[in-house]
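Working notes, structure below.
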Amino acid sequence: MISMALSSVSLRDLALVQAVAREGSFTGAARAMHISPSGLSHQVQKVEQALGVPLFERGGRRVVATVGGQRLLGFIEAVLGSAEHLEHAARAGDVAFGGELRLGVPSTLGPYLLPHFIEPFPQRFPGARLTISEGKPRGLLRRLHEGELDAVLAPPSVTATGLESAPLFFEPYQLLLNAAHPLAGRAAIALTELDAAEATLMAESHGNGVSDLGMAGAARPERIQDVSLESLATLVAMRGGYTLVPILAHERLGSIRNVVLAGVDAARPGRHIALYWRSATPWRDDLDRFGDLLRELARTIPGLDAATNA
């Protein structure tokens, strides 16, 4: 029988404890969980009092779990996982994903990939609703870990504990140049012919490898915070220079005034896209089928290279 003290602890309280362990900071956990730091601290103390064990060492620059806390955090994760299974089972029936797939997609991918699978999805998963959330990959993976999403499409990264992934496809980049650029009008351009100082790249979406592909010049490309691809193209149209854009977006971006598109000669920059899910998900079979669907579609979309295995 559960003690009276522990019966006052909610699943939300346990999720707050888990967030502190993940973020290593009360402030960071409070921000991630949309609660005030003082409110979060109070709830964590309530859990500690109910368990009769201090879960975290306080006072250092980074909050770390105590020896007892490390042991109990595994049980807390199991409780939260079981609660998620219970919720899914309650709405499951015979419908895939329990009736709804909450999918996170990067904002630089969603508008261009979604039209390709919005029709075949209900054909492959009758009765299941697809709900799309867009954002930056890092934020989407955090929401997946916290249970707000069921799966995420994102470039490969160092995944958090409790997440698994499977490769889907490789999407090459194309060059998008200001129409007045000296090399505009060519079908393909080598990056070694371009001055890195003229490039405008996005900090997260383009990653760090693009600047290592041999662009000419000693200066590094300008890196801006991630914006929409349309905004990035507009910047190039107004300021000059060039950028790299994923091939799925080329039709929409090519219609923007004062920019032109070109292929990349020799080097093949691009991004790999993978499907992420929680290890404890009850929808593993459904997610395997969803990954199969996306790889099948990738084989029919010009320019994409589907992964050969999951």
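The values are calculated or read from the model by the stated rules, or taken from the named source; none is laboratory data. Keep in mind it's a predicted model, so treat the numbers as computed, not measured. When we count neighbours, we look across all protein chains shown, and the Cβ atoms used for this are built from the backbone with ideal geometry, even at glycine.
With respect to Arg295, is the statement that it is within 19 Å of the chain's Cα centre (by Cα), under 20 Å from Gly110 (Cβ atoms), assigned by TED's automatic domain parsing to the domain that holds Leu153 and not hydrophobic (A, V, I, L, M, F, W, C) true?
Taking the combined requirement at face value, the residue satisfies it.
Scan Glu164, Glu146 and give me the residue that is more than 10 Å from the chain's Cα centre (by Cα), charged (D, E, K, R), modelled with pLDDT of 90 or more and within 20 Å of Ser279 (Cβ to Cβ).
On inspection, the qualifying residue turns out to be Glu164.
Identify all residues within the stretch 179-207 that are within 11 Å of Ala262 (Cα to Cα) and either free of Cβ contacts under 8 Å to residues at least 60 places away in the same chain or in a strand (DSSP E or B) (or both); write none if there are none.
Scanning the stretch 179-207 gives Ala188, Ile189, Ala190.
Tell me the residue from Ser157, Ser205 that is modelled with pLDDT under 90, within 24 Å of Gly303 (Cβ to Cβ) and crowded, with 20+ Cβ neighbours inside 10 Å, please.
Step by step, each of Ser157, Ser205 is checked, and only Ser205 is modelled with pLDDT under 90, within 24 Å of Gly303 (Cβ to Cβ) and crowded, with 20+ Cβ neighbours inside 10 Å.
Determine which member of the set Leu275, Leu304, Leu287, Leu297 is surrounded by fewer than 22 Cβ atoms within 10 Å (Cβ to Cβ) and touching a residue at least 24 places away in the same chain (Cβ under 8 Å).
Checking each option against the conditions leaves just Leu297.
Filter the stretch 146-178 for residues that are charged (D, E, K, R) and either outside any loop (DSSP other than H, G, I, E, B) or in contact (Cβ under 8 Å) with a residue 60 or more places away in the chain (or both); which is farthest from Ala30 (Cα to Cα)?
In this case the residue turns out to be Glu171.
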